[in-house]
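Colleague: My questions all concern the structure below.
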Amino acid sequence: MSKITNAAVRAARFVSGRLGARMLLILGCLICVLVFSPYLSTVSIVADGKTQTFVTTRGGNPEELFSKVGLSLDSGDQYFEVADNDEDHSEYHILRAFDITITDAGVAGTYEVTGGTVAEVLADAGVALPDGDDIINCSLDEESYAYMEIVIDRVEYVDSTNEVVIPYQVVKRETSSLLAGETEVATDGIDGKKSVVSRTRYVNGLYVSEEIVSETVIQQPINEIIDVGTAKPTTTTVTAPTGVLNSKPTASSSNAAGTFTDSNGRTVNYSKVLTGKGTAYTDTPGSLTASGREVEVGCVAVDPKIIPYGTRLYIVSADGKYTYGYAIAADTGGALKRGEVIVDLFYETESQCRAFGRRNVVVYVLD
């Protein structure tokens, strides 16, 4: 047998052996790689939290590649290729679309997104980013996620300017130039005015609150000053005239006109004089009498059928110990209408009323 034949036999035996078969397979793979490598590349696909890598021909359609490995793209899904300087390797990322809810100024809408920050998904949805006054329930830098709810309340402030009246105050001052119970307006009150700037807060177009931002006085008010008399009338001793006022035994009247001297020594004319029982009462400041006047010293209660409302009077006790002085008929009461007393004197305190008690009085009806 020739040398060539022997070599061929030995080669055949080697190839038919296990080691030879492996080496032949490896050699075949190397030949294939050398022949087909210019047409092949590796591809990595990142999707659904997993990465798959495989070899495929260059320039293939990415969506076809996805389909070959069992990855499908639903409506709204997106993918992008990661830039890589390696020409023999490509990497694709698949972004799955998911729904989020955006409520803007009370109006809700559902949007399909593939991720990104809250600011990015708002921009993609065409929703204006909140300004410094608006309220949002999450951070603009927060990453979006499936079924996320983004709520934006739009806040608006509106300033307005109004002119407001400053009411004048009533100031009372005592004076001895007037008798106790007499009053006189010394200075008329005048209202002032001020400019008030108010700021109204609206949320989603609805009124929420209002606050005063600033106040500027345009005109100061002028207080009304009322002089209140303190002078005490001199005691006048009066002999009660005879005559019957009505069927009640507690009162008498004389229609004879005359004059008397008041506590200041002045001569005063009267048209009629009444004598009978007198009492005293008090009430809460600001309360109204039957005639509509506010209660004050100098307002007395009468029977308006005998002494009409508005009648000017001068009143003293029959024993000369009390001088009520000048008064005006302004109120009434049950005892007066029943004829039990002829006058009920207003005092500011209960102690004054108790001090007066119930006593005989002389009531001059003035001209």
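The values are calculated or read from the model by the stated rules, or taken from the named source; none is laboratory data. None of these values were measured; they are calculated from a predicted model. Cβ coordinates were reconstructed from backbone atoms using ideal geometry, including for glycine residues, and neighbour counts include every protein chain displayed. For the accessible areas, the whole protein counts, side chains as well, though only heavy atoms, and no ligand, DNA or RNA atoms are used. Shrake-Rupley method; radii C 1.70, N 1.55, O 1.52, S 1.80 Å.
Colleague: Residues that are open to solvent by less than 50 Å² (accessible area, probe 1.4 Å), in a strand (DSSP E or B), touching an Asp or Glu at 6+ places or on another chain (Cβ under 8 Å) and closer than 30 Å to Asp99 by Cα: does segment 166-177 have at least one?
Modeller: No: zero hits.
Colleague: Quick check on Ser139: is it farther than 30 Å from Phe260 by Cβ, of a type in the set (Gly, Ala, Ser) and in a strand (DSSP E or B)?
Modeller: For Ser139, the condition - farther than 30 Å from Phe260 by Cβ, of a type in the set (Gly, Ala, Ser) and in a strand (DSSP E or B) - is not met.
Colleague: Output the number of residues of segment 297-316 satisfying the condition of being surrounded by fewer than 18 Cβ atoms within 10 Å (Cβ to Cβ) and touching a residue at least 40 places away in the same chain (Cβ under 8 Å).
Modeller: Result for segment 297-316: 1.
Colleague: Something else about it: Return the residues of segment 113-131 that are of a type outside the set (A, V, I, L, M, F, W, C), open to solvent by less than 80 Å² (accessible area, probe 1.4 Å) and either farther than 28 Å from Arg199 by Cα or under 23 Å from the mean Cα position of the chain (by Cα) (or both); say none if nothing qualifies.
Modeller: Selection gives Thr114, Gly115, Gly116, Thr117, Gly126.
Colleague: In segment 220-266, what residues are modelled with pLDDT of 75 or more, surrounded by 13 or more Cβ atoms within 10 Å (Cβ to Cβ), in a loop (DSSP other than H, G, I, E, B) and in contact with an Asp or Glu (Cβ under 9 Å, 6 or more places away or on another chain)?
Modeller: Pro221
Colleague: Report, by residue number, each residue of segment 142-164 that is in contact (Cβ under 8 Å) with a residue 40 or more places away in the chain, within 27 Å of Arg201 (Cβ to Cβ) and part of a loop (DSSP other than H, G, I, E, B).
Modeller: Listed by number, the list holds a single entry, Arg154.
Colleague: Just need a number here: residues in segment 267-284 that are open to solvent by 40 Å² or more (accessible area, probe 1.4 Å), in contact (Cβ under 8 Å) with a residue 12 or more places away in the chain and over 23 Å from Arg338 (Cβ atoms).
Modeller: Result for segment 267-284: 2.
Colleague: Within segment 110-136, how many residues turn out to be hydrophobic (A, V, I, L, M, F, W, C) and part of a loop (DSSP other than H, G, I, E, B)?
Modeller: Qualifying residue count for the region: 4.
Colleague: In segment 179-219, how many are closer than 30 Å to Ile152 by Cβ, in a strand (DSSP E or B) and not hydrophobic (A, V, I, L, M, F, W, C)?
Modeller: 9
Colleague: Within segment 196-213, identify whether any single residue is among the small types (Gly, Ala, Ser), modelled with pLDDT of 90 or more and surrounded by 13 or more Cβ atoms within 10 Å (Cβ to Cβ), and answer yes or no.
Modeller: The answer is yes, given that some residue of segment 196-213 is among the small types (Gly, Ala, Ser), modelled with pLDDT of 90 or more and surrounded by 13 or more Cβ atoms within 10 Å (Cβ to Cβ).
Colleague: Conditions first: (1) among the basic types (Lys, Arg); (2) under 25 Å from Glu348 (Cβ atoms); (3) surrounded by 11 or more Cβ atoms within 10 Å (Cβ to Cβ). Arg154 passes all but one, so which condition is the exception?
Modeller: Every listed condition holds for Arg154 apart from (2).
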